[in-house]
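As structure tokens, the structure follows; a few thoughts come after it.
Readers should treat all values here as calculations from the given coordinates under stated rules, not as data from a laboratory. None of these values were measured; they are calculated from a predicted model. Here Cβ is always computed from backbone atoms with ideal geometry, including for glycine, and neighbour counts include all displayed protein chains.
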């Protein structure tokens, strides 16, 4: 389902974001006994919270940062000289050039059309070894224009784009990011975005997330082809989120990434959206 509030690439992840999970009950008769529900760090009691914070993380990593970086890249291409430049809708960006490889922008209520940089700093470095471009964020307060209910957020960290690698991953981006808002900070480490030279349709996102909204650090992998989001805690317990039609999803608990589900439930798009909202509070 394409949501009006989210980019198309992120819509299926939002549809996976907040799934209320409860254990399935076994049927009657003499059929096989269902697996015992997981009692790991990812379990039926906290799966909703885990899915909510992971959905917010995917939206930020996949959509929000992409918008910020795209706007910065357009400025990088169009603005070689230091100075103050008007933004597309309102506000300004002030550019300084500390050296030939550095573009440093300070925002003042800069509305680019789909995102507003209220204040803060963004720097582009073109001279980092083995990196195409490095985007660095320092207290960059931004709001997504088509998400009026989402709180303003302060972005810190870096995003390295088009890193050459000696494997089948033909293009690769990495990042270390934190988002502060509502007196709390969510951190995303070891972020990567990867493509395969042998398969142009392949696109994968991965990261480790820490959030005050969830008690455990989680590793997340999102496959953009299948639209499946997989979460794993450090005890190997796993939550797999599979999008279904009409914005719903199936959420599966597993004891490891390769085992059969121990608990499964199908939920609606409304439940998913509600979990995302709670994860941002």
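Distance from the C-alpha centroid of segment 94-131 to that of segment 180-225: 23 Å, rounded to the whole angstrom. The gain in end-to-end length when the residue 202 to residue 114 segment is fully stretched comes to 29.0 nm, 0.36 nm per residue minus the alpha carbon separation.
With R₀ set to 45 Å, the beta-carbon distance separating residue 79 from residue 278 gives a calculated FRET efficiency near 0.65. Against the empirical 2.2 N^0.38 Å (N residues), segment 75-184 has a Cα radius of gyration ratio of 1.15. The label-point distance for residue 244 and residue 213, in a model that sets each label 7 Å from Cα toward Cβ, rounds to 2.3 nm.
Working ranking of peptides 149-156, 261-268 by packing, defined as the average number of other Cβ atoms within 10 Å per residue, highest first, is 261-268, 149-156. Highest mean packing first, where packing is the average number of other Cβ atoms within 10 Å per residue, the peptides 172-181, 208-217, 78-87 line up as 172-181, 208-217, 78-87. For the peptides 49-58, 223-232, the ranking by mean Cβ contacts within 10 Å, running from highest to lowest, is 49-58, 223-232.
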